[in-house]
Amino acid sequence: MNLPPGFRFFPTDEELVVHFLHRRASLLPCHPDVIPDLDLYPYDPWDLPGKALGEGRQWYFYSRKTQERVTSNGYWESMGIDEPVFTSSTHKRVGIKKYLTFYLGDSQSNWVMQEYSLPDSSSSSGRSSKRSSRGSTSSSHKPDYSKWVICRVYEQNSSEEEDDDGAELSCLDEVFLSLDDLDEVSLP
């Protein structure tokens, strides 16, 4: 992609849903149009660099909503966690964030996908059905963008967002923790 120098892509959940996915479902242009369309399921997560919009160790792309989530080496399975996405100003529910993890055979990997979708009432399917009921045939040739999702894929142990699990401390953290231990030592 031809992005301007210094371009960084760190959207919030609300921004992904409202400014990108909702515009896509409403058939409105996205400026800048940086998130590519990608049929995820033929690709393993480590194949995403160069195919999806990458920022750090995270990749973003539009994909079709589907139940078939099998790749050549594994499959994506829902973690059973669905979170609503709310606007920060009005606290209106604008989307849903679903968590999936990638399995290699029977083994769970560190790859995680957050799949953002619109609630059914926000999709453009109501508008397209009204158009088709008036006898317009041109809307039947347009893709159904109400079934699109935005995906964010990352490897959990290398994601900066997931560092609060305490698995690894920096040298400075270890020094500060050892200073805390000095309080327990009595000096002569």
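The values are calculated or read from the model by the stated rules, or taken from the named source; none is laboratory data. Remember, it's a predicted structure, so these values are computed and weren't measured experimentally. Note: ideal-geometry Cβ built from the backbone for every residue, glycine included; neighbour counts use all protein chains shown. For the accessible areas, the whole protein counts, side chains as well, though only heavy atoms, and no ligand, DNA or RNA atoms are used. Shrake-Rupley method; radii C 1.70, N 1.55, O 1.52, S 1.80 Å.
So which GluC sites (Glu not before Pro) in segment 5-107 are both in a DSSP loop and have at most 14 other Cβ atoms within 10 Å of their Cβ?
When the GluC sites (Glu not before Pro) of segment 5-107 are filtered for loop state and at most 14 Cβ neighbours within 10 Å, GLU68 remain.
Roughly to the nearest percent, how much of the accessible area of segment 7-60 is carbon and sulfur, given a 1.4 Å probe?
53 percent
Once you place label points 7 Å from the Cα toward the Cβ at LYS51 and HIS91, how far apart are they in nm?
Reported label-point gap for LYS51 and HIS91 is 4.1 nm.
With a 10 Å radius around each residue's Cβ, average the other Cβ atoms per peptide and rank 43-51, 102-110, highest first.
Final packing ranking: 43-51, 102-110.
Please give the solvent-accessible surface of VAL94 in Å², to the nearest 10, using a probe radius of 1.4 Å with every protein chain present.
Looks like 20 Å² after rounding.
For labels at GLU155 and LEU27 in the simple 7 Å Cα→Cβ model, what's the distance in nm?
Each label point lies 7 Å from its Cα, and together they span 4.1 nm.
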